[in-house]
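To start, the structure itself, in structure tokens.
The values are calculated or read from the model by the stated rules, or taken from the named source; none is laboratory data. What you are looking at is a predicted structure, and each value in this text was computed from that prediction instead of being measured. Heads up, the Cβs are rebuilt from the backbone with ideal geometry, glycines too, and the neighbour counts pull from every protein chain shown.
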Amino acid sequence: MTQDAPKLRAAALATRLAFLAAGFVMACWAPLIPFAKAQVGASEGTFGLLLLCLGLGSIIAMPVTGYISARTGARPMILLGGFGLVLLLPALVLAASVVLLGLALALFGAALGTIDVAMNVHAAEVETRTQRPMMSGFHAMWSVGGILGAGGVTLLLWAGAAPLIAALAGSALALAAMVVATPRFLRAAGGTPPKLALPRGIVLLLAVLAAISFLVEGAVLDWGALLIVAQDLLEPTSAGIGYMLFSIAMTVARLTGDRIVAALGRPAVLVLGGLVAILGIGLTLVPGSVALALTGFALIGLGCANLVPVVFSLAARQPDMAPGLAVAAVTTTGYAGILLGPALVGFAAEATNLAIAFALLAVLMLSFPLAARRVTR
């Protein structure tokens, strides 16, 4: 253990850099979206379909990455996904037609899905070898990267930089992170090819929990501001503060999450996280109080922050499936929650109203305290 300590510290640094680079590049894309849309002259409907290419690319790549990671180790797939993101970010701005942008988005999504699964497999391996909770800290770096990427590109565009220059700057910083990380990743020898299988046993339950957590996060992103406006709490120009508080609370909670998991244990984190998120959702629905609603958004962030990291840790430790396949299954299902969740909230709001749709999210979050003992046994 003592002899491996320097190697494990280096591997932990590499994992943090991979999460940082992936979150950073993904967030760099967000401020560039209007420019890419204008570049190809896409209508709203067409551009919606183009964005779907990103999600489809991710979902296709994830199971493949899980299979290869289970066979050869996560390092090659982290490098493929990470350097792929570096190359593809400028391509999103350069694409001159709808077809080329769709292809670039599909490849960008595939690279994102590849590094997402592989770095979580690697993170679980580092955490297991180190014998202490680390997953929340790794996921916190994704959040930090998101803040830096979106903020940095927005600042460059505001200062008058061309979209391509902003994209190249983002790629350059992500490239530097990947170059530093590359020699520090753990190397794993090839093993017996695992059998491809659908999630089963505990993995299936963990995948459902991941989908629920991601669904709630996606709902807050896409519908949170609309909920505030629908309840006449704030003007549309200020309604985004709810998601901002959610994001800040989630980042802070993840930065301290490893210590919380070490102190309380994974079952307690799942129970308390679910209950805090339920309380937060309830506060957002209290009529007539801006303070309570904004507090609610912060509590949702605090509650949800460490649920997914714990779920990934458990997926890598369960005995039912190879860790790479299990993490891929949980990640893929989680992404399905992100893609389908906001639409499902919209359908529920159409059939009832937005407040009732958010109340249904609280019912779904009950799954975490109810399943905590089962998945951590």
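Of everything in segment 349-369 that's in a helix (DSSP H, G or I) and without any contact (Cβ under 8 Å) to a residue 24 or more places away in the chain, which residue is surrounded by the most Cβ atoms within 10 Å (Cβ to Cβ)?
Step by step, filter segment 349-369, then rank; the result is L360.
Any residue at all in segment 256-271 that is under 30 Å from T128 (Cα atoms) and outside any helix (DSSP H, G or I)? Break it down stepwise before answering.
Filtering segment 256-271 down to residues under 30 Å from T128 (Cα atoms) leaves 256-271.
Imposing the further condition that a residue be outside any helix (DSSP H, G or I) reduces the set to 256, 265.
Checked segment 256-271: at least one residue is under 30 Å from T128 (Cα atoms) and outside any helix (DSSP H, G or I).
What tally of residues in segment 73-89 results from selecting those that are surrounded by 20 or more Cβ atoms within 10 Å (Cβ to Cβ) and part of a helix (DSSP H, G or I)?
Initially, segment 73-89 is screened for residues surrounded by 20 or more Cβ atoms within 10 Å (Cβ to Cβ), giving 73-75, 77-78, 81-82, 85-86, 88-89.
Pick out the ones that are also part of a helix (DSSP H, G or I) and you get 75, 77-78, 81-82, 85-86, 88-89.
Looking only at that region, the number is 9.
Take the residues in segment 251-260 that are out of contact with any Leu (no Cβ under 7 Å at 6 or more places or on another chain) and surrounded by 22 or more Cβ atoms within 10 Å (Cβ to Cβ); name whichever of them is nearest to T284 (Cα to Cα).
Taking segment 251-260 first, the residues out of contact with any Leu (no Cβ under 7 Å at 6 or more places or on another chain) are 251-252, 254-260.
Filter once more, keeping what is surrounded by 22 or more Cβ atoms within 10 Å (Cβ to Cβ): 254, 257.
Values: R254: 22, G257: 24 Å.
In this case the residue turns out to be R254.
Starting from residues that are in a helix (DSSP H, G or I) and over 17 Å from A177 (Cβ atoms), keep the ones in segment 127-148 and report whichever is modelled with the lowest pLDDT.
So in segment 127-148, the residues in a helix (DSSP H, G or I) come out as 127-130, 135-148.
Still in the list and also over 17 Å from A177 (Cβ atoms): 127-130, 135-136.
Numbers: E127: 89, T128: 86, R129: 89, T130: 89, M135: 91, S136: 91.
In this case the residue turns out to be T128.
Tell me the residue from T65, T15 that is in a helix (DSSP H, G or I), under 19 Å from A123 (Cβ atoms) and touching a His at 6+ places or on another chain (Cβ under 8 Å), please. Walk me through how you get there before you give the answer.
Working: T65 fails: touching a His at 6+ places or on another chain (Cβ under 8 Å).
From the options T65, T15, the qualifying one is T15.
For segment 128-163, how many residues meet the condition of being of a type in the set (A, V, I, L, M), crowded, with 22+ Cβ neighbours inside 10 Å and closer than 23 Å to L85 by Cα? First the steps, then the outcome.
Step one: filter segment 128-163 for residues of a type in the set (A, V, I, L, M), giving 134-135, 140-141, 144, 147-148, 150, 153, 155-157, 159, 161-162.
Imposing the further condition that a residue be crowded, with 22+ Cβ neighbours inside 10 Å reduces the set to 134-135, 140-141, 153.
If we keep only those that are closer than 23 Å to L85 by Cα as well, we get 135, 140-141, 153.
Final tally of qualifying residues: 4.
Within segment 246-259, is even one residue within 22 Å of the chain's Cα centre (by Cα), within 24 Å of I147 (Cα to Cα) and modelled with pLDDT under 85?
Of segment 246-259, the ones within 22 Å of the chain's Cα centre (by Cα) are 246-259.
Okay, now just the ones that are also within 24 Å of I147 (Cα to Cα), so 246-259.
From the residues that got through so far, the ones that are modelled with pLDDT under 85 too are 247.
Within segment 246-259, one or more residues are within 22 Å of the chain's Cα centre (by Cα), within 24 Å of I147 (Cα to Cα) and modelled with pLDDT under 85.
Just one of L112, L148, L88, L168 is under 21 Å from the mean Cα position of the chain (by Cα), outside the structural domain of M250 (by TED's automatic domain parsing) and more than 24 Å from R254 (Cβ to Cβ); which is it?
Details: L112 fails: more than 24 Å from R254 (Cβ to Cβ); L148 fails: more than 24 Å from R254 (Cβ to Cβ); L168 fails: under 21 Å from the mean Cα position of the chain (by Cα).
From the options L112, L148, L88, L168, the qualifying one is L88.
Against the definition (surrounded by fewer than 22 Cβ atoms within 10 Å (Cβ to Cβ) and free of Cβ contacts under 8 Å to residues at least 24 places away in the same chain), how does A10 come out, yes or no? Please lay out each step first, then the result.
Numbers: surrounded by fewer than 22 Cβ atoms within 10 Å (Cβ to Cβ): yes; free of Cβ contacts under 8 Å to residues at least 24 places away in the same chain: no.
Taking the combined requirement at face value, the residue does not satisfy it.
If only one of G274, G346 is within 16 Å of V216 (Cα to Cα) and either surrounded by 21 or more Cβ atoms within 10 Å (Cβ to Cβ) or polar (S, T, N, Q) (or both), which one is it?
Working: G346 fails: either surrounded by 21 or more Cβ atoms within 10 Å (Cβ to Cβ) or polar (S, T, N, Q) (or both).
Result of the check over G274, G346: G274.
Out of all the residues in segment 41-62, which are out of contact with any Phe, Trp or Tyr (no Cβ under 9 Å at 6 or more places or on another chain), closer than 22 Å to G334 by Cβ and at pLDDT below 85?
G48, L51, L52
Are there any pairs with C-beta distances below 7 angstrom linking a residue in segment 260-273 that is of a type in the set (G, A, S) to a residue that is crowded, with 19+ Cβ neighbours inside 10 Å, with the two at least 6 apart or on different chains, and if so which?
Partner pairs satisfying both residue conditions: A262/P133; G273/G303; G273/C304; G273/N306; G273/L307; G273/F368.
Pick out the one residue from G66, G57 that is crowded, with 16+ Cβ neighbours inside 10 Å and in contact (Cβ under 8 Å) with a residue 60 or more places away in the chain. Before you say what the answer is, go through the steps one by one.
On the way: G57 fails: in contact (Cβ under 8 Å) with a residue 60 or more places away in the chain.
The conditions single out G66.
Hey, could you check segment 278-330 for residues that are hydrophobic (A, V, I, L, M, F, W, C) and not in a helix (DSSP H, G or I) and say which is surrounded by the most Cβ atoms within 10 Å (Cβ to Cβ)? Spell out the reasoning first.
Within segment 278-330, the first condition is being hydrophobic (A, V, I, L, M, F, W, C), and the residues that meet it are 278-279, 281, 283, 285-286, 290-294, 297-300, 302, 304-305, 307-308, 310-312, 314-316, 321-322, 325-330.
Right, trim to not in a helix (DSSP H, G or I) and you get 285-286, 321-322.
Details: L285: 17, V286: 14, M321: 24, A322: 22.
Selected residue: M321.
From the list A21, A30, which residue is small (G, A, S), crowded, with 22+ Cβ neighbours inside 10 Å and under 22 Å from the mean Cα position of the chain (by Cα)? Spell out the reasoning first.
Working: A30 fails: crowded, with 22+ Cβ neighbours inside 10 Å.
Unique residue meeting the criteria: A21.
If the requirement is being in the same structural domain as M141 (by TED's automatic domain parsing), at pLDDT 90 or above and in a helix (DSSP H, G or I), which of these qualifies: A30, A38, A10, A70? Reasoning before the result, please.
On the way: A30 fails: at pLDDT 90 or above; A38 fails: at pLDDT 90 or above; A70 fails: at pLDDT 90 or above.
After ruling out the rest, the residue left standing is A10.
Tally time: how many residues in segment 290-332 are farther than 29 Å from L234 by Cβ, among the polar types (S, T, N, Q) and modelled with pLDDT of 85 or more? Spell out how you get there, then give the answer.
Going residue by residue through segment 290-332, those that are farther than 29 Å from L234 by Cβ are 309-332.
Remaining after also requiring among the polar types (S, T, N, Q): 313, 318, 331-332.
Still in the list and also modelled with pLDDT of 85 or more: 313.
Result for segment 290-332: 1.
Which one of these is modelled with pLDDT of 75 or more, in contact with a Pro (Cβ under 7 Å, 6 or more places away or on another chain), outside the structural domain of A74 (by TED's automatic domain parsing) and surrounded by fewer than 24 Cβ atoms within 10 Å (Cβ to Cβ): V229, V208?
Details: V208 fails: in contact with a Pro (Cβ under 7 Å, 6 or more places away or on another chain).
Just a single option satisfies the conditions, and that option is V229.
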